[in-house]
Amino acid sequence: MLRILWQRILQMMKITNEQQGKTMTKKEMILEAIESLGYKPHVDEDGDICVRYQMKSIFFLTGQEEEQYVSAILPQFSEVNEGEETLTLVVCNKVSREVKFAKVYIDQTLKSVTASCEFFYTDMESLKNNVEHALNILGKVRSAYHTAKAEFM
């Protein structure tokens, strides 16, 4: 029941640029949103959108085309030293609590720390605002992580 309701909401929110006579894909919309902020994004070999922000590579994953959902990722911004796994988990937890909308975690390799910021959007203006907000959040995560780690050492 909730899934059907959610699908109907997403259909009603379907984003089109009908005034200009064309429908943009989610990827095109994200690229346009990033470019509107003055950055030069590119699409990597996996089809993910990459942008350099504050000397960091941030990736935008588009997911399913019909969902107005985006995940921005700052991958492998810190290494996990052998024997510091517990400390790293504690620091990730602290930063995730303190930096709103950020998820900070040890990635699948168990050797590095990654951060993400996920959001839904309703229209192009909402997408632009959320992309800008995600870039700001992920821009702060690395320094917040290293500051929190220094507090525990």
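So the values come out like this:
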{"read-out": "Gly38 in a loop (DSSP other than H, G, I, E, B) and at pLDDT 95 or above", "value": "yes"}
{"read-out": "Selection status of Tyr145, assigned to a strand (DSSP E or B), of a type outside the set (Gly, Ala, Ser) and over 13 Å from the mean Cα position of the chain (by Cα)", "value": "no"}
{"read-out": "Pair list, Cβ < 9 Å and 6+ apart or interchain, from the range 140-153 residues that are within 24 Å of Tyr53 (Cα to Cα) and open to solvent by less than 20 Å² (accessible area, probe 1.4 Å) to residues that are of a type in the set (Gly, Ala, Ser) and not in a helix (DSSP H, G or I)", "value": "Val141/Ala102; Val141/Ala115; Tyr145/Ser78; Tyr145/Ala115"}
{"read-out": "Pairs, first free of Cβ contacts under 8 Å to residues at least 24 places away in the same chain in the range 91-117, second among the polar types (S, T, N, Q) and crowded, with 16+ Cβ neighbours inside 10 Å, C-beta under 6 Å, six or more apart", "value": "Lys103/Ser96; Lys103/Ser116"}
{"read-out": "Evaluation of Asn129 against (1) at positive phi; (2) modelled with pLDDT of 95 or more (one fails), failing number", "value": "(1)"}
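The values are calculated or read from the model by the stated rules, or taken from the named source; none is laboratory data. Model, not experiment: these values are computed from the prediction. Here the Cβ is made from the backbone with ideal geometry for all residues, glycine too, and neighbour counts use every protein chain on show. We work out accessible area using only protein heavy atoms, side chains counted, and drop any ligands, DNA or RNA first. Shrake-Rupley method; radii C 1.70, N 1.55, O 1.52, S 1.80 Å.
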